[in-house]
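Worksheet for the structure shown next.
Where a number appears in this text, it was derived from the coordinates with a stated rule and is not lab data. Please read these numbers as outputs of a predicted model, since none were measured by experiment. Ideal geometry is used to build each Cβ from the backbone, glycine not excepted, and the neighbour counts take in all protein chains shown.
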């Protein structure tokens, strides 16, 4: 439970949080706390997601969702770190990772904040495509808010440093990259919800793409076609 | 008649307004000259009407913008005291987790939990291999957007299908699909050369290999079974119907 105190510090005292990262205060402690919190929060939300299919799917999603976030971060963090260095950053990799993990933690908290809504829809609608799209929307909102925190953090940390403006532009481009990698990673690790007419699968084959699937689901909900 | 303005009054008002306008224009020109003298860039937007109405403010320096996060002179606001948000998050996590566990506990004798208790007609993802059943006993398997009738229980088991995967739907929903060739299972016992096609709970002898091929069968459809079991299945018209009875038993 102690690890969760970092969430209050991020949400209510975000400026102090970012200034502390900039000044290198307690970075390992913050990293540990955010890592634990985001794993715990994402796991709970994963369990909610998978519950619409089966107990096995709930357990599988509880493991896969934290992996999704952390693997995406691991893949994208070197790009941001080295580009920040290129444009004059003096941060260590730990400070940089701490900033990025702040975004993941905020995203995970917001996901759990949406969990009661998702549970409500899970219990009251049998429409798989609707449930899937609801979760895409929830992930989009939480993810965007998370990267907005990162952007704010970079702004504070980069103040008084060379190339601050260029680095803010780099962050914007990186956010796009992060979204692309994240959605592809989600597609590779799917299913998280689990199609009701399919048996439980840990992973599904890699055919198709995340965006095509979202588009197809949207079309089915609007009555244009049936997803095959 | 007395409340009508006289032409003289109207003229006075016009004169006063003209004077005011002249004064405003003059003040504005003075301000521009001052701005040019100090070589400050002209504002991009035209001065707001309030600024024109209050020319006495023009001599004051423009208000400084509050430093924002990322500005060099920005300092973070004082930290707000804790309100135990971590405890709230912890309780919320526990509550979500408890609800998730509860809705996964089976509540019906078929082992269905609350999370999956709603009728799943809308949840069907139409795909090859989907098993559907209407109001009758027939089970259909969807292949290439065609419904293929699984002609017997043996065929069902032979294909490795499970009853849990069969989705009960309305007959009207079944009618939206085109019907394909039925899925049969072919039975053979080791001591007999004959191959039988199982349809429902009856077997039909396939006369020869030519008929076997014409009917579109393949060897992987043939399932070897115990001869006594094969014997116990009632015989129906052979394929083709003119073939007569099989030469010997089995």
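How big is D, in µm² s⁻¹, for the stretch A:93-208 by Stokes-Einstein at 20 °C and 1.002 mPa s if Rh is the Kirkwood radius over C-alpha pairs? Don't jump to the answer; show the numbers that get you there.
Values: Rh = 16.2 Å.
For the chosen part, D equals 132 µm²/s.
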Quiz item: Relative to the longest principal axis of chain A, what angle (0 to 90°, nearest 10) does the C-alpha long axis of helix A:128-158 take?
Solution: 0
Self-check item: Average other protein chain Cβ within 10 Å of Cβ, residues A:8-16
Solution: 5
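Expressed as a rounded percentage, what relative contact order does the stretch B:136-195 have, with Cα pairs under 8 Å and six or more residues apart? Let's see the in-between values first.
Details: 55 pairs, mean separation 23.0, N = 60.
Taking the mean separation of contacting Cα pairs over the length of the stretch B:136-195, I get 38 percent.
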Quiz item: At a Förster distance of 22 Å, what's the computed FRET efficiency of residue A:222 paired with residue B:145, Cβ-Cβ distance as r, to 0.05?
Solution: 0.55
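Can you divide the C-alpha Rg of the stretch B:121-179 by 2.2 N^0.38 Å and report the result to two decimal places? Write out the running numbers ahead of the final one.
Values: Rg = 10.6 Å, N = 59, 2.2 N^0.38 = 10.4 Å.
Cα-based Rg divided by the globular estimate yields 1.02.
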Self-check item: Contour excess over end-to-end distance, with Cα ends at residue B:109 and residue B:191 and 0.36 nm allotted per residue
Solution: 25.1 nm
Exercise. Consider just the alpha-carbon atoms of the protein assembly as shown and return their Rg together with their Dmax, both in angstrom.
Key: 36.3, 133
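Looking at the calculated P(r) for chain A, what percent of the C-alpha pair distances fall above 26 Å? All intermediate terms of the calculation are to be shown ahead of the outcome.
On the way: 10028 of 25878 pairs.
When all Cα pairs of chain A are counted, 39 percent exceed 26 Å.
Quick check on the protein assembly as shown: helices-only [θ] at 222 nm, where DSSP H runs of length 4 and up contribute -39,500 (n - 2.57) each and the sum goes over total residues. Nearest 500, please. Write down the numbers at each step before the final one.
Details: 15 runs with 251 residues, N = 478.
Calculated from helices alone, the mean residue ellipticity at 222 nm is -17500 deg cm²/dmol.
Within 10 Å, count the other beta carbons around each residue, average over each peptide in B:166-177, A:98-109, and list them highest first. Walk me through the numbers before you get to the answer.
Numbers: B:166-177: 13.4, A:98-109: 25.7.
Put in order of decreasing packing, that is A:98-109, B:166-177.
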Quiz item: Between residue B:168 and residue A:74, what is the label-to-label distance in nm when each label sits 7 Å out along the Cα-to-Cβ direction?
Solution: 4.6
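For chain A, what relative contact order do you get, as a whole percent, if you take Cα pairs closer than 8 Å and at least 6 residues apart? Can you show the working numbers first?
Values: 282 pairs, mean separation 58.6, N = 228.
Result for chain A is 26 percent.
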Self-check item: Percent breakdown of C-alpha pair distances by 5 Å bin, ordered from the shortest bin, for the stretch B:185-243
Solution: 4, 19, 34, 27, 15, 2
